[in-house]
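Chemist: Dropping the structure in here first, questions after.
The values are calculated or read from the model by the stated rules, or taken from the named source; none is laboratory data. Please read these numbers as outputs of a predicted model, since none were measured by experiment. Reconstructed Cβ throughout: ideal geometry from the backbone, glycine too, with neighbour counts over all protein chains shown.
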Amino acid sequence: MIEASGPSSSSVAALVSATAILKAKGKSFYWARRLLGTRHASNATRLYGFCRLLDDTADEAASDVVAKSRLAAIADDVRSGQTKDPALLDALALIRECKIDPGVVLDLIAGVESDLGVVCMQTETELLHYCYRVAGTVGLMMCNVLDVTEPAAYPHAVDLGIGMQLTNICRDVAEDAALGRRYLPASLLGDLSAQELVTPTEATRRRLRACLATLLDQADLYYRSGQDGMRYLPVRARAGILSAARIYHAIGDGIRARDYACWDGRVTVGRKAKLRLTASALMETVGTLVPRPGSVLHDASLHHHLVDVPSLAKARHAG
């Protein structure tokens with residue numbers, strides 16, 4: 001049995017691999033990571049590598065049965081802190097080094113597993129639960145990775161993750177639909193099949209536009225809360241996280257500028273826009289170097305769909 005004990009040659013190899021994957025598949029985060037300090041950038045990249053391992057386990061398995069079995073095995077290893085799988089060793093080391101709550105990791109694994117098979121969400125509550133599991137959890141883990149210890153930061157970190165995931169969902173409607181996944185809730189869209197979103201009729205396009213407008217407006221609220229939490233980050237980390245947030249937010253703006261035509265291809269943010277957004281984040285970060293008194297009040301209504309999530313409740317009351 002292999003135990004997670006701390007940085008090792010396997011951690012170095014995992015970092016090299018995760019960096020290459022991040023550069024290829026996580027361009028916004030790869031762009032922003034250069035603004036973090038060396039240790040924070042390394043640990044954030046290792047965390048990305050673990051998240052990618054989970055995604056690939058679900059997406060590349062021979063069958064859903066195989067994927068579920070593999071994810072269950074990973075969950076067992078997270079609970080025990082031990083593994084026979086060298087590919088998982090660095091993730092367990094990171095969880096241990098950064099004191100990441102295993103319950104949060106297990107919620108992430110549950111979110112990844114929920115992508116298996118047909119996805120057809122019915123309510124906004126179901127959607128926000130999913131967004132918490134696959135992205136809000138990552139926000140919580142990033143707090144540990146970035147050495148954030150102020151409990152008031154945690155709900156804001158969750159909100160930034162949720163805002164980014166809502167943006168992802170609005171951007172990738174056609175791609176997800178081609179895989180049999182419809183994340184847009186029936187409560188907003190109507191009970192359309194995923195196939196109807198691949199080649200939408202004019203009537204379906206009207207529904208899609210209205211649904212995406214609502215979800216991106218919701219995402220704006222979560223981004224705003226996420227930005228309120230930037231004050232809790234280490235100074236060096238603020239510009240990097242704010243840049244990533246601004247770049248993702250710009251994807252939503254691009255969807256709006258295209259009149260929500262998600263069937264016309266994926267919206268991206270070009271290099272010039274990234275430079276502009278990064279410069280803006282750097283300038284804004286300079287303005288936050290003077291400590292602000294007290295903490296900012298979190299808007300509890302943003303979590304009213306998430307009151308029954310144990311790992312989130314634990315994070316709220318941490319410390």
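Chemist: Scanning for something assigned by TED's automatic domain parsing to the domain that holds Ala177, under 21 Å from Asp159 (Cα atoms) and among the charged types (D, E, K, R), does the stretch 257-280 turn up at least one residue?
Modeler: Within the stretch 257-280, not a single residue is assigned by TED's automatic domain parsing to the domain that holds Ala177, under 21 Å from Asp159 (Cα atoms) and among the charged types (D, E, K, R).
Chemist: Here is a further query. Among the residues of the stretch 150-173, is any of a type in the set (S, T, N, Q) and touching a Ser or Thr at 6+ places or on another chain (Cβ under 9 Å)? Quick ask: steps written out before the conclusion?
Modeler: At the first step, the residues of the stretch 150-173 found to be of a type in the set (S, T, N, Q) are 165, 167-168.
Now narrow it down to the ones that are touching a Ser or Thr at 6+ places or on another chain (Cβ under 9 Å): none.
No.
Chemist: Among residues belonging to the stretch 243-276 that are at pLDDT below 90 and within 15 Å of Gly163 (Cβ to Cβ), point out the one that is surrounded by the most Cβ atoms within 10 Å (Cβ to Cβ).
Modeler: Across the stretch 243-276, the extreme among qualifying residues is Ser243.
Chemist: What are the residues in the stretch 93-111 that are of a type outside the set (A, V, I, L, M, F, W, C) and touching a Lys or Arg at 6+ places or on another chain (Cβ under 7 Å), if any? Let's see the steps before the verdict.
Modeler: So in the stretch 93-111, the residues of a type outside the set (A, V, I, L, M, F, W, C) come out as 96-97, 99, 101-103, 107, 111.
Scanning the stretch 93-111 gives Asp101, Pro102, Gly103, Asp107, Gly111.
Chemist: Which condition number does Leu188 fail, the rest of (1) within 22 Å of the chain's Cα centre (by Cα); (2) in contact (Cβ under 8 Å) with a residue 60 or more places away in the chain; (3) more than 30 Å from Thr38 (Cα to Cα) being met?
Modeler: (1)
Chemist: Tell me the helices (runs of 4 or more DSSP H) entirely within the stretch 66-146 that contain at least 1 residues that are more than 18 Å from the chain's Cα centre (by Cα) and assigned by TED's automatic domain parsing to the domain that holds Ser42. Before you say what the answer is, go through the steps one by one.
Modeler: Details: elements: 86-97, 102-113, 124-131, 137-145.
Correct list: 86-97.
Chemist: If I filter the stretch 115-144 down to residues being at pLDDT 95 or above and of a type in the set (Gly, Ala, Ser), which single residue comes out as surrounded by the most Cβ atoms within 10 Å (Cβ to Cβ)?
Modeler: Gly136
Chemist: Which ones in the stretch 222-236 are surrounded by fewer than 24 Cβ atoms within 10 Å (Cβ to Cβ) and either modelled with pLDDT of 90 or more or part of a helix (DSSP H, G or I) (or both)?
Modeler: Start the filter on the stretch 222-236 by keeping residues that are surrounded by fewer than 24 Cβ atoms within 10 Å (Cβ to Cβ), which leaves 223-225, 227-228, 230-232, 234-236.
Once the filter is applied, which keeps residues that are surrounded by fewer than 24 Cβ atoms within 10 Å (Cβ to Cβ) and either modelled with pLDDT of 90 or more or part of a helix (DSSP H, G or I) (or both), the stretch 222-236 yields Tyr223, Arg224, Ser225, Gln227, Asp228, Met230, Arg231, Tyr232, Val235, Arg236.
Chemist: Now, a different point. Give the residues of the stretch 109-135 that are closer than 21 Å to Pro310 by Cβ, of a type in the set (A, V, I, L, M) and touching a Leu at 6+ places or on another chain (Cβ under 7 Å), sorted by residue number.
Modeler: Ile109, Val112, Leu128, Val134
Chemist: Only one of these is more than 20 Å from the chain's Cα centre (by Cα), modelled with pLDDT under 85 and hydroxyl-bearing (Ser, Thr, Tyr): Ser295, Ser311. Name it.
Modeler: Values: Ser311 fails: more than 20 Å from the chain's Cα centre (by Cα).
After applying the criteria, what remains is Ser295.
Chemist: Now for a different question. Can you confirm whether the stretch 201-212 contains a residue that is at pLDDT 95 or above, surrounded by fewer than 22 Cβ atoms within 10 Å (Cβ to Cβ), not in a helix (DSSP H, G or I) and not charged (D, E, K, R)?
Modeler: Yes, the stretch 201-212 contains at least one residue that is at pLDDT 95 or above, surrounded by fewer than 22 Cβ atoms within 10 Å (Cβ to Cβ), not in a helix (DSSP H, G or I) and not charged (D, E, K, R).
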